[in-house]
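Report on the structure given below.
The values are calculated or read from the model by the stated rules, or taken from the named source; none is laboratory data. It should be emphasised that the depicted structure is a prediction, and the values quoted were computed from it without experimental measurement. Note that we place each Cβ from the backbone using ideal geometry, even for glycine, and neighbour counts take in every protein chain shown.
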Amino acid sequence: MAENTTPDIAAAQNRNRANTNNRSGLWIALGSFVLWGGFPIYFHWLQDIAAAEILSHRIIWSVVLLVIIDLFRKPAVRWFSFLSLQHKKVLFTSSLAAFFLSMNWVFFIWAVGNGKATEASLGYFLNPLINVFFGTVFLGERLQKWQSIAIGFAIVGVLYLIWTTGALPWITVILALSFAGYGFIRKKYPLDGATSLTLETFLILPFAVGYLWYLHSQGQMSFLEVEWQYNIGLLFAGAMTTAPLLLYLSALPRISLSTMGILQYIVPTLQFAIAIYIFKEPFDAQRFIAFSFIWTGLIVYTSSEIGKQHKRRKQAKGNSSPQ
């Protein structure tokens, strides 16, 4: 009897550990996405400072914080080894990723400071569907029926918005494409999250420092010239950038990718709610109809992904069951 009991106890302990990891991963992921979703409040508070200057501080203080964190990793400063001509491919792809990332950051900051947080949130709602489109066009992934329907709903929503407003929602398009472009590069040429972010921000550090030096020489720099609380806000730009990312990276191995993908919708949902209920941005019937098409596309896409994950789990249980 003892021989049969021991494996049962070990299996129960493994299940308990897995459940504990899942619960902790869920809470860590929620913390990450709530922080990301709350970004508009932070950038709206700094709206009197130019978006490019905020971006520069975000890059500089992120590098400082990431390098400090990296010193406590084992092995330390791994990202530094890529800064040589022996790694031309890594340097090129990381530079391209840094370009898309900085474009996404600066336009998001600009959007929030100029009363376009609603359009910004729409860009992140579109992002999963743009990822599917990029995977089909550039990676040769097969577009499934429900994915095609989801993308179709999103296209109708954007076209309806263009038709009713008479203008392309360019901030939405730029944010969706730039973040999808960043994700595509990181999927095609992967590095681990902390290493890639440190390398990317370090590569654009000279531009950030150069821009702040230019502002200082022209007497146009806000830092140290504005009230103390805004100076502290700029100093915290690095922590605001790295904290949700590090939480995300910590949660990623603890919960399934399908769960993580669904939880990511918390970010644009919070941003949308903040834009409408806190910033009081206009949201007329035309925008509601356009958003409804895109939300429907997301529901179709998410439902199909959940269905696929459920089917895989059933197949895995069937394959592992005793014959």
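In segment 177-206, the qualifying residues are those that are of a type in the set (Gly, Ala, Ser) and closer than 14 Å to Thr93 by Cα, and the one that is surrounded by the fewest Cβ atoms within 10 Å (Cβ to Cβ) is Gly183.
One residue stands out among those in segment 82-132 that are within 30 Å of Ile289 (Cβ to Cβ) and polar (S, T, N, Q): the one that is surrounded by the fewest Cβ atoms within 10 Å (Cβ to Cβ), which is Asn114. Selection over segment 147-169 of residues that are modelled with pLDDT under 85 and either assigned to a helix (DSSP H, G or I) or under 18 Å from Ile276 (Cβ atoms) (or both) gives a count of 2. Restricting segment 222-273 to residues that are over 14 Å from the mean Cα position of the chain (by Cα) and among the aromatic types (Phe, Trp, Tyr) leaves a set whose member that is surrounded by the most Cβ atoms within 10 Å (Cβ to Cβ) is Phe272. Within segment 177-212, the only residue that satisfies the criterion of being of a type in the set (Phe, Trp, Tyr), touching a residue at least 60 places away in the same chain (Cβ under 8 Å) and in contact with a Phe, Trp or Tyr (Cβ under 6 Å, 6 or more places away or on another chain) is Tyr182.
Criterion applied to Ser94, Ser62, Ser81 was being among the small types (Gly, Ala, Ser), at pLDDT below 95, part of a helix (DSSP H, G or I) and touching a Gly at 6+ places or on another chain (Cβ under 6 Å), and the one residue passing it is Ser62. Across segment 269-319, the qualifying residues are those that are of a type in the set (A, V, I, L, M, F, W, C) and over 27 Å from His44 (Cβ atoms), and the one among them that is modelled with the highest pLDDT is Phe293. When restricted to residues that are buried (at least 16 other Cβ atoms within 10 Å of the Cβ) and hydrophobic (A, V, I, L, M, F, W, C), segment 156-169 contains 3. For segment 5-34, filtered to residues that are under 19 Å from Pro253 (Cβ atoms) and at pLDDT 85 or above, the residue that is surrounded by the most Cβ atoms within 10 Å (Cβ to Cβ) is Ser32.
Within segment 277-290, the set of residues being surrounded by fewer than 16 Cβ atoms within 10 Å (Cβ to Cβ) and farther than 18 Å from Leu35 by Cα comprises Lys280, Pro282, Phe283, Asp284, Ala285, Gln286, Phe288, Ile289. Kindly establish whether Leu246 is outside any loop (DSSP other than H, G, I, E, B) and under 22 Å from Ile28 (Cα atoms). Answer is yes for this residue. Take Thr172 and tell me if it is farther than 27 Å from Ala251 by Cα, in contact with a Leu (Cβ under 8 Å, 6 or more places away or on another chain) and in a helix (DSSP H, G or I). Taking the combined requirement at face value, the residue satisfies it. Residue selection: Gly135 fails the criterion of being assigned to a loop (DSSP other than H, G, I, E, B), among the small types (Gly, Ala, Ser) and surrounded by fewer than 19 Cβ atoms within 10 Å (Cβ to Cβ). The residues of segment 43-57 that are of a type outside the set (Gly, Ala, Ser) and assigned to a helix (DSSP H, G or I), listed by number, are Phe43, His44, Trp45, Glu53, Ile54, Leu55, His57.
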